[in-house]
Structure formats: C-alpha cells, structure tokens
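I have placed the structure first, in the form of structure tokens, so that the comments after it can refer back to it.
The values are calculated or read from the model by the stated rules, or taken from the named source; none is laboratory data. If you're wondering where the values come from, they're calculated on a predicted model, not measured in any experiment. Every residue, glycine as well, gets a Cβ built from its backbone with ideal geometry; the counts of neighbours run over all protein chains shown. Note: accessible area is taken over every heavy atom of the protein model, side chains too, but ligands, DNA and RNA are not part of it. Shrake-Rupley method; radii C 1.70, N 1.55, O 1.52, S 1.80 Å.
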Amino acid sequence: MIDLGKYAGTVLAAYGISVLLLVGLVWHSIAANTRARRALEKQEGRKDA
Amino acid sequence: MLALLTRDLRLATRAGGGFGLGVAFFLILCTLVPFGVGADTSALRPIAPGILWLGALLACLLSLDRIFALDHEDGSLDLLATAPLPLEGTVAIKALAHWITTGLPLIAAAPLFGLLLHLPAEAMPWLVISLLIGTPALSMLGAFGAAITVGLRRGGLLLSLLVLPLYIPTLIFGTELIRRAVASGDPTTPLVFLAGITAGVVALIPFAAAAALRVNLR
Amino acid sequence: MLALLTRDLRLATRAGGGFGLGVAFFLILCTLVPFGVGADTSALRPIAPGILWLGALLACLLSLDRIFALDHEDGSLDLLATAPLPLEGTVAIKALAHWITTGLPLIAAAPLFGLLLHLPAEAMPWLVISLLIGTPALSMLGAFGAAITVGLRRGGLLLSLLVLPLYIPTLIFGTELIRRAVASGDPTTPLVFLAGITAGVVALIPFAAAAALRVNLR
Amino acid sequence: MSLLAVHDLAVSRGGLRAVEGVSFTLNAGEALILRGPNGVGKTTLLRTIAGLQPATAGLIEMAEDAVAYAAHADGLKGALTVAENLRFWAQIFGGEVGAALAAMDLEALADRPAASLSAGQKRRTGLARLLVTGRPLWVLDEPTVSLDAASVARFGAVLRGHLAGGGAALMATHIDLGLEGARELDLTPYRARPGRAEKPAGFNEAFG
Amino acid sequence: MSLLAVHDLAVSRGGLRAVEGVSFTLNAGEALILRGPNGVGKTTLLRTIAGLQPATAGLIEMAEDAVAYAAHADGLKGALTVAENLRFWAQIFGGEVGAALAAMDLEALADRPAASLSAGQKRRTGLARLLVTGRPLWVLDEPTVSLDAASVARFGAVLRGHLAGGGAALMATHIDLGLEGARELDLTPYRARPGRAEKPAGFNEAFG
Amino acid sequence: MSIWEYANPVKFMRTSGAILPFAVAGAVVCTVGGVVWGFLTPDDFRQGSTVKIVFLHVPAAMMAINIWVMMLVASLIWLIRRHHVSALAAKAAAPIGAVMTLIALATGAIWGQPMWGTWWEWDPRLTSFLILLLFYLGYIALWASVEDVDSAADLTGVLCLVGSVFALLSRYAVLFWNQGLHQGASLSVQSGERMSAIYRYPLYLSMLGFLLLFVALVLIRTRTEIRRRRLAALQAREMRA
Ligand code: HEM
Ligand SMILES: Nc1ncnc2c1ncn2[C@@H]1O[C@H](COP(=O)(O)OP(=O)(O)OP(=O)(O)O)[C@@H](O)[C@H]1O
Ligand SMILES: Nc1ncnc2c1ncn2[C@@H]1O[C@H](COP(=O)(O)OP(=O)(O)OP(=O)(O)O)[C@@H](O)[C@H]1O
Ligand SMILES: [Mg+2]
Ligand SMILES: [Mg+2]
C-alpha cells in the first residue's frame, strides 16, 4: 500500500467522493436504460399480440 | 394517515424535482449573497447564520403553494375532506410531507452551504440543530398560509406576505441560537423558545389550517 | 402598444396591491435581515447595498409569475398573440409594465429601506442610480423566465431556479457600482457594464421570450 | 332503515340560497336521481350532503362515515399509476383494489400512469374509487360525463350491484342509466325565492 | 377573391397529426362550419389557421392580419368593466366600441366589471370583441357555448351582418345557428392515419 | 453520407449500438488506468500527496465545461435543423455535466482545505463553476417540468442558448468582482512551470478516460431517451386510435 503521508484523508476523500459520484451516475444510466428497454419490449410485445 | 404521507412523498419524487428544487433555490441564494455583500470571510462570517436561515425560510416559502394547490385543482382535496381522516390530521400530514421534502433536504444541505458562507466549524452543529427544531414550525405555518390562500389565483406573493410575519419569531430565535452557541456556548434560552414555538405551532396550527381549508372548500 | 401598457397598469392597480405587494415584501425582507444578522451599524453598513439589491431582486422575482400567467389562464394571451402586435413588442411592454409596477416602487422605497439598514448617506444616490439602471434588466429577464414557464403548474420554484442565475451579472455590477462609488468615487466601469447588460438584455431578450411564448401557446 | 333522510333542506352558493325546502329519504337498495336545469343547485346540494359545506337550513340525517362522494374532478394523480391511485384510497378507506379494477375493466391499464389516460379512462378510474371506499351511500355528480356507451352500461351494472348489496345512490345526471325503479327528483320547484330569510346564507343575503 | 385558401393542410396536437389533407377556400360572404366528433381536431385546425401554431404540412393562403380568433376562453379581465375590456381591444385593433356594444345588447352592462357578469353575458362580451377588431375573417371555436336561445339568435344576426358586409367566418359548432347557405365540412374523413410521415409532427411521430 | 443522417432514431440506435462496446471498453480502460496511475504517482515536493487529486479534478473540470458546449451545439442543431435525436442528446448530457461539475467542485473543495486552508473561497474560477452548476440544475429542472416533449425540447434549447451567454457574462462579472488564488493553466505551454512528465501522462490518460466515459454515458443515456420517446409515442398512438 502506498503511503499518502499527512494528506491521506484529503486524497482518499477526494477519490472516494469522485468514485462514488461516477459510480452513481453510471449505475443510474444503466438502470434507467434497462428499465426503458424492458418497458418498450413489453409495449411492443403487447402490440404484436 | 401513513398512506397519505407515502403518497405525498411518492408524488414529490415522481413529479420531477420535488426534493431537489428547494435545495437548488437555497444554493442559488447562498451563491448570490456573496455577490451582494462581498466575498471576504470577515464580511460573510457574521451574517452567515442569518443568511442560511433566511435562505431556508425563502426556499420553504416558495414551495408552500404546492401543499394544497395541486390537490385542490385536481379535486383530491374534496375527496380527502370526505374521507375518514380528520381534516386536521390531513393538514398535519401534508405539512409533514412538505417538511420531509423541503425542510429535511435543506437541513442536510445547510452545512455544505455553511461552508460556502464561511460559517465557523463550531457553529455547524448548532445550525443543523436550530434548523431541525425550527423548520417544522415553518412548514406548519406555511400549511396554514397555503390553506388560507388555496382557492386564490396568484396566491404567491400574498401567501408570502401572510406567512413571512409569522416566521419572524422562529427566524429570530433560530439565528440567536447559533449566535449565542458560538459566542458563549450557552444557547439554552433561544433553544427553549424555538422548541416552544415549534411545539405550540405543531399542536395548534392544524386546527386553524383545517378551519381555513373548510371555508375554502365549501 | 400604449393601450396594452395602460391596461396592464390599470389591472395592477385595480386587482388589489399590484404596486404595493412587492414593496411590502421588500420591507419585510429588510426588517428580517437585522433579525438575522444582528442590528449593529458596523455589521449592517457594509452589507447594506448588497442586501438592498438582493431584496429588490427577490421582490421582483416573486411577482414575475404574474407577467404572463394570468393572461394565459383567461385566454387573453391567445388573443394578444393573434392581435396586430408583434409578440416581441407584447413581451417588452409587459416587462415594462412589470418594471413600472414593481421596479419603480422598489427604487422609490429603496432609500427609505437604506436608512433602516444604515446605508451611508453618500451611497444613497448611487443606490438609486444602480437600481434605476439595473432593474429593467431584471424585469426583462424575468419576463423571459415567465414566458418559459407560463404553461406549467407550480412554476414558482422553477421560475426562480431559471431566472436567478441570469440575474448574477446584474447583481454583481449593481452592488459593485455602489461599493466603488463610495470607496473611490469612480464607478465608471461597473456603470458601463451594468448599462451594457441592461441595453443588451432589453434589445435581445424579447426575441427569446417571444420564441418561448410561441412554443407555449401552440 | 333509511340510509339518508333530508328534511326541509336549504343549500346556498355564493352567499345566496340556491334551493330550499327539499325533503326526501333514501333507503338501502334505492337510487335517487336529481334533475333540473343548469345552475339550479344540484352540485351544491350534493356537496352539502357529502359534508363539504354546511346546510343553510334543515336537517340531514345519516350514519357517520356513510358517504362516498364523486365529483366532476376525479382527484387522480397523473404521476401515479391507476393501481397506485386506487391503492391510496383503499388504504385510506380500508377497501380493496383488485375487485374495483375488475369491475371497471381497468386491469389492462393498472400500471399506466394516470396522466397518460384518455378522459373516459380517467373517469372509469375515478368511479372505481367508489368501490374501493366500501361506503354504502354514493353521492355522484354527473358520474358518466365523457364515458362512452359501453362504459356507461358497465357503470350501470356496477351501480345495480351496489344497490343489490344494500347500498344506495344519490346522483345528478342528465342521461339515462337504465336503473329500473330509480326515483327522480326535479329541483326546479324548490328553487329558492329571494326574500328575507330567518338565517341569511351569507353576506349577500344578510345585506340583500 | 377568396379570403382564405387552405391546401392539403395537416395539423397536429400533442406531437401527432390530428387531421390531414384538408383543403377548402372561403370567399367573402361565406361561412364554413366544421363538424366532427369530440377530439377529431377542430380546435387544433382553427388555432392553426389563426396562426397560433404552425401547420404540420400544407399551405394556408390569406391576407396578413385578416383573422380575428375567438376561443373557448373569452380573455376578459374581471377587474375591468365591459366597456374597458372592449375599448382595450379597440385600441389594439383600431375598431370602435359603441356599435359592438349595441350589436350584442351590452349597453346596459357597459359599466359593470366583467367579473360580476354571468357566464352568458361574459360570452356576449367576448363575441362583441369580434366586431371591435374590424377583421374580415372570423375564426370561431364553439361561439355559442353557454348562450341562451335569444342570445344565440342575436349572434346569428350579427354573423349574417358580418357576412353581408364582405366578411367570412370559419367556425366549429355543434348547434344550428340558422345561417342559410353556410357550408359544412365534416372532419371525420380527414382524421390522420398513423404511419411514417415525411416530416414528423413532433417527437411522437418521429419515434412512433 | 451526411452526418445529419445519424439523427434518424433508428439509424442512431444501430450506429450507437455498434460503437457502444468500444466506447465502454475504452472508457473503463482509460478512466481506471488514468486514475489508478495517477493515484500511484509520487508525491509533489510542494503539494505532497494531494497532487494526486489533479487526475480527477482537472479532467472533471474540463469535461464540465466541454459538456455544456456540446449541449449548446446539440441545442442549436435541434433548433435549426430539427433533428430530434440531438435534442435528446442534449438532455442526456446534462446530468453527466452536472456530475462532472460536482466532482470538480468537490475535489477542489477537498483540495483547498490543505492548500489554501479553507474549504471554499469565492475565487473566480470556483465561483464560475458554482454558477455553471446552477445553469445545469436549471436546465435539468426545466426538462423535468415540461410534460410535452416537443415544447420541452424547444424551451430547453432556448434556455441553453440564453444561459450560455449569461454563463459567459457571469464569468466576466465574477472576474471583475473578485481576484483569485486558483492556479492558472499549467498544462499550457507558455506558462513557465510546466507540469512534469510524471504527472502529465497519467493526466492525459485520465482526461481521455473522462472523455470516453462521457461518450459512453451520453450514448447510453440518449438510447434511454429514445426508448422512452418510442414508448410514449406508441402509447400516444394507441390512445388516439
Ligand atoms: C471547488 C474548488 C475548485 C474548482 C471549482 C476548481 C476548478 C478548476 C478548473 C475549472 C480548472 C481548469 C481545468 C482546465 O483549465 O482545463 C482547474 C484546474 C486546476 N485546479 Fe482547480 N478548482 C478548485 C479548487 C482547486 C484547488 C483547491 C486546487 C489546489 C490547490 C486546485 C488545483 C488545480 C490545478 C493544479 C489545476 C490544473 C491547472 C491546469 O493544469 O490547467 N483547484 N480547477
Ligand atoms: N363560486 C360561485 N360563486 C357564486 N355563485 C356561484 C358559484 N358557483 C356557482 N354559483 C351559482 O350557484 C348556483 C348553483 O350552482 P350549482 O353548481 O349547484 O348548479 P348545478 O345545478 O350543479 O348546475 P349544472 O347542471 O350546470 O351542474 C348557480 O346559480 C350558480 O350561478
Ligand atoms: N395538450 C394535449 N396533448 C396531447 N394531445 C392533446 C392535447 N390536447 C388535445 N389533444 C388531443 O388532440 C386531438 C385534437 O383535439 P382538439 O381539441 O383539436 O379536438 P376538437 O375537435 O376541438 O374536440 P372538441 O369537439 O371536444 O372540442 C384530440 O384527440 C385530443 O385528445
Ligand atoms: Mg353541477
Ligand atoms: Mg374543441
């Protein structure tokens, strides 16, 4: 493990928050996309039926 | 009762930005203040508690018309009034929902915005405490104002005029709490008053608001 | 054009408090500030110009939804759009009417409220001048925001969120004007910028606002 | 036993009495249809009986919590789905949703947000709310507005089922619902005559 | 010469075309009545011709500033008197108020604030506005809603006067105004068929 | 083949579906690589280990501005050429831009604590970013509030246009209002103290990563919007029938 010195908290907080935000954004994008795809498939399936 | 609360919360999250708009407005206000009064810490620090309280108050104020207006327009309010819920309970629940959607996010965001205004670190917990105790009174008084103006067109400015004077005691004791806590470490007196006002408002205002609502429904 | 202006002004006076409400709100804000930030002269004096500008800005903001919303509800806006007036002209006139009913009273009342906040005497004329030059831009930008949100329910908070960021340059140059005038006696630069922004806004924003209005009418 | 008894009722709107001297009783299994030209005061009367406004004079006798009211506005939340809308009222009144959805043929629409419904579909959802309340006395203000013929028939069947199950209905409607045995009450003769009332309905009468 | 010529017009609402392929001309002295069931697109068509929304396809030929539009909403200001309301429009359009007041029998009401009028009186004021505009082409959306029989007859007379004076009228109405020689156009056959359009009317067609 | 043809939703879905795996792979590799590499760089003699923050801070700040510019371009394409997908792309990009702005603000604020001894300073650069965040929030809120998509697309387009002008104006106003303590652009060549290579290369990689991440996300989100529109269109047609 690398030594971050006296600024460990600062650096880790910055990385932590950024990663959290990015992961949240990615997760939201993918989840919304999946939801939209499912809903659309359901609708188109029903239309064909 | 719980059903009403969950419905209102669900509506706030579904209908786009119920939670976010108030905080966003709060953020804008906190951004604008330094443009007005100058950016140096010495200018901002003393006024920070007041500005934060004012910002919370205005953000709360601007979302008040949503408490009853939408339900009135689509007829839900009529139906709620004939439902087996006391109208006082409905009012209280709606004020609670307003507090959860507006007050709580504001309280959560307040320390962050405190940073922007250079609020000293030792004041932060007191800021949160004072808001936590004081904002329920804001929501409840706001519900009263909203109940009075529910049928009116352009209730906005009128609602502000009715409600703002009612907010003055809460505002005074809220900021005084922070100031005394930082200055002398003993915020007991304003804390007691603040809590007293909130308790009194939460206990009594629902009756006044329900009465106003009944008048506006008939 | 003139007919539209006189109609709007007449409506503002007839329908109860068009002129007064904004000033009343301004007054409440100015009285709340000392409660929030403490009443001593040394604390108030440096922030007075900023507070006055912010108060004017918020009072202006709260009356914005009246610019188009009422005309939209009762159908007048449709009729105005088919009348032999360019929609851009209609927008400009309505912003002017808003300025006359809200901005002018605020400007007239500002020195009085400046006294409340211990604004130094030499700053008074500059306060009035800066408001006089800056507030038309506020009304016009507000008309733009009102045009964008005209059809929406609960436009209030959204309108603020859209409009307030647009107010930032005006606010900065307006308060900077007062500050520099008092500090160095030479407010030329901010004055030029302020006037430039107002001129640009008044010249161009009507087109954007009319475009937004057309979208909302169709 | 009668579910609703109205004695010499006067109701008012805008500070003036609209109809006065109205009396009737409504027993379990009965339906009463209010008739009368626009503006005579049907809506006002129904709102008074639903408890939304006070009666100006007269007496309304009924059990507490007996009324379910359905007005022009459906009180639907566009952001919620049909099922969510009904479930909310079910939680408030303690009824259940499934049967109501089936009765008004809303199963296919259950998961659609109410905002995306057509006017008639919205109306059906609003009427399904009545079933969810479990209340015996339905007070209905023009329940079939914007319904097509098939839906009107379906609602008529629901209404007959409600009456057969010991319920009652008081409604204002201009169309024929095909309810055999429903009584009618024309409000025109009860239109209030101006004149000094013992108890003014509002400022307009007190100073009239 | 024709006051209005419409060629192969398609109009849309909510991002979908409502009617398409509509063509007609309207000469001075003519009246054309649009018919069709609720929701077919009459209001949409009228608003398009009035210039409130763009046409999705097709061509509308008419002189600039020829249209006076009257919608469901009257655009009255409750705080102003009847005369003040009309005078405002007279100043905008350059017409005059006196004749309009007389034509719609509003002289007795001229100084009453519009807020205190009954629905029918409000409507009459809204129709008087048409006379004040001095425009040749009237585009009317259900002009006689909430008018009583006498007022409908009076409006019919005003309309005939307008046509006789070289004007024209395009209107959507469900009742009979007693205009001999008025043409009718049923919009039902022009209802838009879904399908890939060259130029989508909005998102709903672009992605449909 | 014209670039405009990509605006056709079907074609966009097909093309973006083909590009997407590469964009995602590139985004993952470059972002993770750049950030990890950055995290492993040695400490700076002045800033200590805090220098590692730059590998998040600068790419996020860069993207925050560039995304707004992309939204402006997309809005203009929509307003002028009426290509529906570009309106949806602008809508899809806004939350990404807002998050980038937030990351720049958050990392900057955290960085400021040891460097300047304060979490926040009303420095022009920082203030401008706060204002940019406000514009993002307003834009997103407007999209969320207007129910009719056609109107929403037009209104947000106009707002983006006007907002861009005022964001720029605000930047000058803020510069006029307060002098800053934020460092200048040390990547640019003319500045004397150019960032040394050990920091520069991971920074480039991480910037590329953030760019690719944006591309991947904006594609995914645009596809989401297209699917939602298609669903709404089908439902609208069903209802009209
Ligand atoms: C919340 C606060 C901050 C914000 C919004 C912010 C914003 C920015 C922006 C917009 C850039 C420009 C990127 C570019 O030009 O491509 C930047 C670069 C930079 N910032 Fe910050 N910053 C903040 C705080 C800080 C702090 C506290 C430090 C460190 C003491 C810092 C150090 C840097 C460095 C080293 C660069 C790179 C400059 C370059 O090489 O171009 N920033 N920041
Ligand atoms: N807000 C109001 N203020 C004053 N008077 C009103 C108001 N609303 C209704 N009225 C009047 O009260 C009377 C009764 O109205 P009500 O709505 O009960 O009639 P209704 O019989 O339901 O008519 P409809 O068949 O059109 O529904 C009418 O004469 C009407 O003009
Ligand atoms: N705001 C809206 N959003 C989406 N669709 C709408 C909207 N308003 C109307 N529509 C739809 O557009 C179509 C045309 O409506 P329009 O109002 O033109 O009908 P109309 O012929 O005037 O009906 P009516 O006889 O009831 O007045 C209808 O199918 C309606 O459902
Ligand atoms: Mg009625
Ligand atoms: Mg119509």
Length-normalised contact order of chain D in % [C-alpha pairs under 8 Å, at least 6 apart]: 32 percent
Most mobile of F:Ile131, F:Ile198, F:Ile65 per a Gaussian network model of chain F (Cα springs, under 10 Å)? F:Ile198
If the label point sits 7 Å along Cα→Cβ of B:Glu73, residues of region D:52-94 with amide N under 16 Å come out as D:73-80
Express the accessible area of region F:3-240 per residue in Å², computed with a 1.4 Å probe while the remaining protein chains stay in the model. 40 Å²
Surface per residue (accessible, 1.4 Å probe) for chain C, Å²: 30 Å²
Give me the angle, in degrees from 0 to 90, between the Cα long axis of helix C:2-14 and the longest principal axis of the Cα atoms of chain C, rounded to the nearest 10. 70 degrees
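Compute and list, largest first, the equivalent-ellipsoid semi-axes of region C:2-217 from the alpha carbon gyration tensor, each √(5λ) rounded to a whole angstrom.
31, 18, 14
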Rank-order F:8-18, E:89-99 by packing density, defined as the average count of other C-beta atoms within 10 Å over each peptide's residues, highest first. E:89-99, F:8-18
Estimated distance in nm for a label pair at B:Val128 and D:Lys199, the labels positioned 7 Å out from Cα along Cα-to-Cβ: 5.6 nm
Averaged per residue, what accessible surface does chain E expose to a 1.4 Å probe, in Å²? 40 Å²
Just to make sure I understand: if all protein chains stay in place, what is the order of F:Asp43, D:Asp8, E:Asp74 by accessible area at 1.4 Å, largest first? D:Asp8, F:Asp43, E:Asp74
Of the accessible area of the protein assembly as shown, with the probe set at 1.4 angstrom, what percent is carbon plus sulfur? 62 percent
Once the Cα atoms of helix C:41-62 and of chain C are each reduced to a long axis, what angle between those two axes, in degrees from 0 to 90 to the nearest 10, is obtained? 0 degrees
Partner lysines whose C-alpha sits under 26 Å from that of E:Lys42, ignoring same-chain residues fewer than 8 away, are D:Lys122, E:Lys122, E:Lys199
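Taking each residue of B:62-73 in turn, how many C-beta atoms of other protein chains fall within 10 Å of its C-beta, and what is the average?
Neighbouring Cβ atoms belonging to other protein chains average 3 per residue here.
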Debye calc, one equal point scatterer per Cα of region F:3-240, no solvent, log10 I(q)/I(0) at q = 0.08, 0.11 1/Å comes to -0.36, -0.65
From Cα pairs below 8 angstrom and at least 6 apart in sequence, can you work out the relative contact order of chain F, rounded to a whole percent? 34 percent
In whole Hz, the Karplus estimates of ³J(HN,Hα) for region B:73-90 (6.51, -1.76, 1.60; θ = phi - 60°; x where Gly or Pro) are 4, 8, x, 4, 5, 4, 5, 5, 5, 9, 7, x, 10, x, 4, 4, x, 4
Applied in sequence order to region D:96-104, the curve 6.51 cos²θ - 1.76 cosθ + 1.60 (Karplus, θ = phi - 60°) yields integer Hz couplings, x standing for Gly and Pro, of 9, 8, x, 4, 5, 4, 5, 5, 9
Ignoring ligands, DNA and RNA, how much accessible area is buried between chains A and F, both sides summed, with a 1.4 Å probe, to the nearest 100 Å²? 3000 Å²
Reachable lysines, given that their alpha-carbon falls under 16 Å from the alpha-carbon of F:Lys91 and they are not under 8 places away in the same chain: none
Provide the buried accessible surface between chains F and C in square angstrom, both chains summed, 1.4 Å probe, rounded to the nearest 100. 2200 Å²
Using a 10 Å cut-off around each Cβ of peptide D:87-99, what is the average number of partner chain Cβ atoms that fall inside? 3
Does region C:166-218 come out rounded, prolate or oblate by the C-alpha gyration tensor, with a ≥ b ≥ c the root eigenvalues, rounded set by a/c under 1.5 and, if not, prolate when a/b is larger than b/c and oblate if not? prolate
With each run of n ≥ 4 DSSP H residues scored as -39500 (n - 2.57), what mean residue ellipticity at 222 nm is computed for chain B after dividing by its residue count and rounding to the nearest 500 deg cm²/dmol? -27000 deg cm²/dmol
Partner shielding of F:220-227, as the mean number of partner chain Cβ atoms within 10 Å, equals 6
For chain F, what is the mean residue ellipticity at 222 nm derived from helices alone (per DSSP H run of n ≥ 4: -39500 (n - 2.57); sum divided by total residues; nearest 500 deg cm²/dmol)? -28500 deg cm²/dmol
Calculate, for C:Ala121 and C:Thr13, the FRET efficiency according to 1/(1 + (r/R0)^6) with r their C-beta to C-beta distance and R0 30 Å; round to the nearest 0.05. 0.35
Please list, or write none, the aspartates and glutamates whose alpha carbon is within less than 19 Å of the alpha carbon of C:Lys94, excluding same-chain residues fewer than 8 places away. C:Asp8, C:Asp65, C:Asp71, C:Glu73, C:Asp74, C:Asp78, E:Glu84
Rg (one decimal) and Dmax (whole number) from the Cα set of region E:1-129, in Å, equal 17.1, 47
Candidates F:Leu76, F:Leu175, F:Leu217: whichever shows maximal mean-square fluctuation once chain F is modelled as a Gaussian network with Cα springs under 10 Å: F:Leu175
Would you kindly find the accessible area of D:Arg17, with a 1.4 Å probe and non-protein molecules such as ligands, DNA and RNA excluded, rounding to the nearest 10 Å²? 50 Å²
Taking a probe of 1.4 Å and counting only protein heavy atoms, give the total accessible area buried between chains E and C in Å², rounded to the nearest 100. 2000 Å²
Inter-probe distance in nm under a simple model that places probes 7 Å from Cα toward Cβ, at F:Thr15 and B:Ser184: 7.2 nm
Taking the Cα centre of chain B as origin, work out the dipole magnitude from +1 charges on Lys and Arg Cβ and -1 charges on Asp and Glu Cβ, in debye rounded to 20. 220 debye
Just to check I understand the Karplus step: with θ = phi - 60° and J = 6.51 cos²θ - 1.76 cosθ + 1.60, what whole-Hz values come out for region F:101-112, glycine and proline as x? 4, 4, 5, 4, 5, 5, 5, x, 5, 5, 5, x
Contact-by-burial set, region B:108-136, min loss 10 Å², accessible area of protein heavy atoms with 1.4 Å probe, reference chain alone, gives B:Leu115, B:Leu116, B:His118
Under 5 Å between amide hydrogens, which residues at least 5 positions from D:Thr25 or on another chain qualify, with H placed 1.01 Å from N in the peptide plane? D:Val6
Leaving out ligands, DNA and RNA but keeping every protein chain, what accessible area does E:Met62 have, in Å² rounded to the nearest 10, with a 1.4 Å probe? 70 Å²
Of F:Thr50, F:Thr156, F:Thr31, which has the largest mean-square fluctuation in a 10 Å C-alpha GNM of chain F? F:Thr50
Could you report the accessible area of F:Arg228 in Å², rounded to 10, computed with a 1.4 Å probe on the protein chains as they sit in the structure? 90 Å²
Spacing of the two label points (7 Å from each Cα toward its C-beta) at C:Val192 and F:Trp116, in nm: 2.9 nm
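If DNA, RNA and ligands are ignored and the probe is 1.4 Å, what is the ranking of C:Phe35, B:Phe173, C:Phe173 by accessible area, most exposed first? Before the final figure, lay out the partial values.
Working: C:Phe35 85, B:Phe173 55, C:Phe173 5 Å².
Highest to lowest solvent-accessible surface, that is C:Phe35, B:Phe173, C:Phe173.
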Accessible-area ranking of D:His7, E:His72, largest first, probe 1.4 Å: E:His72, D:His7
